[in-house]
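Below you'll find the structure, written out as structure tokens, and then a few comments.
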Amino acid sequence: LRAIANQAQENGDNQVIACIASCILSCLESLIEYFNKWAFIYVGLYGYSYLEAGKNVFTLFQNRGWEAIIADDLIGNTLFFLSVIAGALTGCIGLIIEASSDLFDDAGGNSKAVSFTLGFMIGLVLCSILLSTIASGVNAVIVLFAESPAEFEQNYPELSSKMRETWEATFPGAV
């Protein structure tokens, strides 16, 4: 969005709108510095207030040059995909229940859609809740690795070496 606003300003097309868009983007960027998922880790570790933790963790990532790393959140996408798969499986279980019982007879003429949707939603929500603990653990490891890489190397040399190699292969020059 920032690139589009800058390009519109450079081209001279609707400079007023481009200026307003740039101002709104600057405000959003400032809010993102304070309100981010990484702040919860700092709150838990150090007891900072949420806004202070958000600013501190964002500054940590900026100082390390890890803006691309935190923007490239593949864990969240992977876990969401797994939740959708679990939802589809429980939706199929809902279809099996619909076919083998009279539980959904009062659902009207579309009992198969109701049973699948109900099963899908239950599976999606429950799996998302359960997998959020994994996502939180991964986020904590990333923040702690950024905060104290030397201590991580000292206490877990093999894991630290693997993490550094993978990090360097994925994000050259970031570690």
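The values are calculated or read from the model by the stated rules, or taken from the named source; none is laboratory data. Computed from a prediction, not measured in an experiment: that's the story for all the values here. All Cβ positions, even for glycine, are placed from backbone atoms using ideal geometry, and neighbour counts span all protein chains on display. Note: areas computed on protein heavy atoms with side chains; ligands, DNA, RNA excluded. Shrake-Rupley method; radii C 1.70, N 1.55, O 1.52, S 1.80 Å.
Could you give the accessible area per residue of the chain, probe 1.4 Å, as a whole number in Å²? Walk me through the intermediate numbers first.
Details: 11310 Å² over 175 residues.
Result: 65 Å² per residue.
Expressed as a whole percentage, what fraction of the accessible surface of the stretch 108-149 belongs to carbon and sulfur atoms when a 1.4 Å probe is rolled over the protein heavy atoms?
Details: 1770 of 2270 Å².
Of the solvent-accessible surface of the stretch 108-149, carbon and sulfur hold 78 percent.
Which residue, 77, 11, 63, tops the fluctuation ranking in a GNM of the chain built on C-alpha contacts under 10 Å?
Comparing 77, 11, 63 in a Gaussian network model of the chain, the most mobile one is 11.
Report the extension gain between residue 20 and residue 129 in nm, rounded to one decimal, defined as 0.36 nm multiplied by the number of residues separating them, less their alpha carbon distance.
Details: separation 109, 0.36 × 109 = 39.24 nm, distance 3.87 nm.
Extending this stretch completely gives an extra 35.4 nm.
At 7 Å along Cα-to-Cβ for each site, give me the label-to-label distance between residue 93 and residue 171 in nm.
Simple spin-label model gives 3.7 nm for this pair.
Taking R0 as 30 Å, what FRET efficiency do you get between residue 162 and residue 46 from their Cβ-Cβ distance, rounded to the nearest 0.05?
Working: r = 27 Å, r/R0 = 0.90.
Efficiency, from the Cβ-Cβ distance: 0.65.
At a probe radius of 1.4 Å, what is the per-residue accessible area of residue 27, in Å² to the nearest 10?
80
If 165, 153 are ordered by their accessible area, calculated over protein heavy atoms with a 1.4 Å probe, which sequence runs from highest to lowest? Walk me through the numbers before you get to the answer.
Working: 165 115, 153 75 Å².
Ranking 165, 153 by accessible area, largest first, yields 165, 153.
Dipole magnitude of the stretch 33-175 about its Cα centre, charges +1 at Lys/Arg Cβ and -1 at Asp/Glu Cβ only, in debye to the nearest 20?
Values: 6 positive and 15 negative charges, 21 e Å.
Once rounded to the nearest 20, the dipole reads 100 debye.
Got a sec? Which residues in the stretch 94-136 would a label at residue 78 touch, if it sits 7 Å along Cα→Cβ and we count backbone N under 11 Å?
It comes to 135, nothing else.
So how much accessible area does residue 141 have, in Å² to the nearest 10, using a 1.4 Å probe?
Approximately 70 Å² for this residue.
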